[in-house]
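Read the structure below first, then the notes.
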Amino acid sequence: MRLSPDEIIFWQFGFVKLNATIVFTWGLMFVMAVGSKLITDKISTGHTRSRWQNLLEIVVTLTEKQIEEVGILHPKKYLPFLGTLFLFVALAALCTVFPGFEPPTGSLSTTTALALCVFVAVPLFGIMERGWSSYLKSYVQPTFIMLPFNIISEFSRTLALAVRLFGNMMSGAMIIGILLTITPFIFPIVMKALGLLTGMVQAYIFFVLATVYIAAATRVRKPDPEAEHIES
Amino acid sequence: MDSMTLIAVASIITAGFTTGIGCLGPALGEGRAVSTALSSLAQQPDASATITRTLFVGLAMIESTAIYCFVVSMILVFANPFWNHIIAQATGQ
C-alpha cells in the first residue's frame, strides 16, 4: 500500500523524477492560472456579468472578509498569499472526486513546502509591518526567559501545520483503500463524502492558522481602543 | 522467535495501541469542546459566527493530535524503517 503519491513515478531520467505529486500540482496550477486568466479576460463592471466572474468575486470577497474577521486591518495586502494557500489546498481536496486523481497535499513534501512558505512569510510580513526592532522585540515578550520557547514555537507550529494537513489528506485515501477490501459496496461512498468535508475543513484550518500567525506577527503593541471595545 | 517476527509483532501491537490510546484523549477533548460550544451557542445565538469559527479551528487542532498518532501507526504498519532494514539485509545476503 502506498503512503503518498510520491511513489507513483511517471517518468524518470537519472536523478530527475516526475512523480504523481509534481504532475498533479502542475495540473492544479495550470487549471487555476488558466481558469482565472480566461475569466478575468472578459471582466465586466456593468450590471450583467458572467457566472464565472460571479464565482471569482464571491471567492475573493469571502476570503477577504474571513481575513478581516481574524483581526488583520488591511486584508488586501495579505489576500494574494493567504488566498493562494486556501485555493490550492481546497482545490486539491475537491478534485479527489475525479477517479485517478491523487491529492498532492497527501504527500509530506507538498505540505512541508506550504508550511515553509508560512514559516518564511510570517516574520517577513511582521518586519514589513512593524520594522526590525519592534518585531524582534516581540520574541522577548513578556520576559527574556521566553526567548527559546518563542523560537521553538515557530518551528513546532510549522511542523504541526505540515503534518496535520498531510495526515488528514493521507488518512482519507488510506481509509477508503482499507474499506474497499472489507466492505466494497456502499460504505466507501459515505467515507468519500466525509473525506471531501474533511478536506475543505482542513483547507480552511490551514488558511485560518496562517492568517492567525500573520495577524499575531503584524499586530502593533497598542491596538486602538475602538477595536478593543468591539472585541470585548 | 527470530528478529524479523519480533519486529513484526512489536510493530503491529504498537500500531494498534498508538491509534487506540491516541484517539482517547482527543475524543474526550473534542466532546468537551463541542458541549461547551453548544451551551454557549444556546446562551448567545448572536455570537454564533465567532463561536463556530473558533470551534472549528479548535477542533482541528485537537484532532491533529489524533492524526499524529494515526500517522505514526501507519508508518509502523506500511513503511516501517526497521522492517525495511531487515528485509534489505535478508535480500543482501
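A compact table of results
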{"quantity": "Segments classed as helices (runs of 4 or more DSSP H), wholly inside the stretch A:138-232, with at least 3 members that are at pLDDT below 80", "calculated": "A:147-182, A:225-231"}
{"quantity": "Filter result for A:P75 (crowded, with 18+ Cβ neighbours inside 10 Å and more than 30 Å from A:P5 (Cβ to Cβ))", "calculated": "yes"}
{"quantity": "Qualifying residues in the stretch A:20-32 (those that are farther than 16 Å from A:A113 by Cα and of a type outside the set (G, A, S)) - the one surrounded by the most Cβ atoms within 10 Å (Cβ to Cβ)", "calculated": "A:M32"}
{"quantity": "Sole residue being in contact with a Gly (Cβ under 8 Å, 6 or more places away or on another chain) and either farther than 27 Å from A:Y204 by Cβ or away from chain A (no Cβ under 11 Å) (or both), chosen from B:A88, B:A37, B:A27, B:A33", "calculated": "B:A33"}
{"quantity": "Only one of B:E30, B:E63 that is surrounded by 14 or more Cβ atoms within 10 Å (Cβ to Cβ) and either farther than 30 Å from A:G106 by Cβ or at pLDDT 85 or above (or both)", "calculated": "B:E30"}
{"quantity": "Qualifying residues in the stretch A:87-145 (those that are under 21 Å from A:E64 (Cβ atoms) and not aliphatic (A, V, I, L, M)) - the one nearest to the chain's Cα centre (by Cα)", "calculated": "A:F88"}
{"quantity": "Residue match in the stretch A:114-127 (condition: modelled with pLDDT of 90 or more and within 14 Å of chain B (Cβ to nearest Cβ))", "calculated": "yes"}
{"quantity": "Test: B:S64 is within 14 Å of chain A (Cβ to nearest Cβ) and hydroxyl-bearing (S, T, Y)", "calculated": "yes"}
{"quantity": "Where a residue in the stretch A:133-147 is over 15 Å from A:V122 (Cα atoms) and its partner, wherever it lies, is outside any loop (DSSP other than H, G, I, E, B) and not hydrophobic (A, V, I, L, M, F, W, C), with Cβ under 6 Å and at least six apart", "calculated": "A:L147/A:Y139"}
{"quantity": "Yes/no for B:G25 being buried (at least 16 other Cβ atoms within 10 Å of the Cβ) and in contact (Cβ under 8 Å) with a residue 24 or more places away in the chain", "calculated": "no"}
{"quantity": "Every residue from the stretch B:1-15 that is within 25 Å of A:G167 (Cβ to Cβ), more than 14 Å from chain A (Cβ to nearest Cβ) and surrounded by 12 or more Cβ atoms within 10 Å (Cβ to Cβ)", "calculated": "B:I7, B:A8, B:A10, B:S11, B:I12, B:T14"}
{"quantity": "Answer residue from the stretch A:41-72, given it is free of Cβ contacts under 8 Å to residues at least 12 places away in the same chain and closer than 21 Å to A:F125 by Cβ and is surrounded by the fewest Cβ atoms within 10 Å (Cβ to Cβ) among those", "calculated": "A:K65"}
{"quantity": "Residues of the stretch A:174-220 satisfying the condition of being closer than 23 Å to B:L55 by Cβ, among the β-branched types (V, I, T) and surrounded by 17 or more Cβ atoms within 10 Å (Cβ to Cβ)", "calculated": "A:T198, A:V201, A:I205, A:V208, A:T211, A:I214"}
{"quantity": "The stretch A:1-37, subset part of a strand (DSSP E or B) and either within 21 Å of the chain's Cα centre (by Cα) or under 25 Å from A:L85 (Cβ atoms) (or both), residue farthest from the other protein chains (Cβ to nearest Cβ)", "calculated": "A:L18"}
{"quantity": "Exclusive hit being within 14 Å of chain B (Cβ to nearest Cβ), touching a Pro at 6+ places or on another chain (Cβ under 9 Å) and under 22 Å from A:M32 (Cβ atoms), set A:G106, A:G195", "calculated": "A:G106"}
{"quantity": "Some residue of the stretch B:78-85 being surrounded by 12 or more Cβ atoms within 10 Å (Cβ to Cβ), under 22 Å from A:A162 (Cβ atoms) and more than 13 Å from every other protein chain (Cβ to nearest Cβ)", "calculated": "no"}
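The values are calculated or read from the model by the stated rules, or taken from the named source; none is laboratory data. Since we're looking at a predicted model, the values are computed, not measured. A quick note on method: Cβ atoms are made from the backbone with ideal geometry, for glycine too, and the neighbour counts reach across all protein chains shown.
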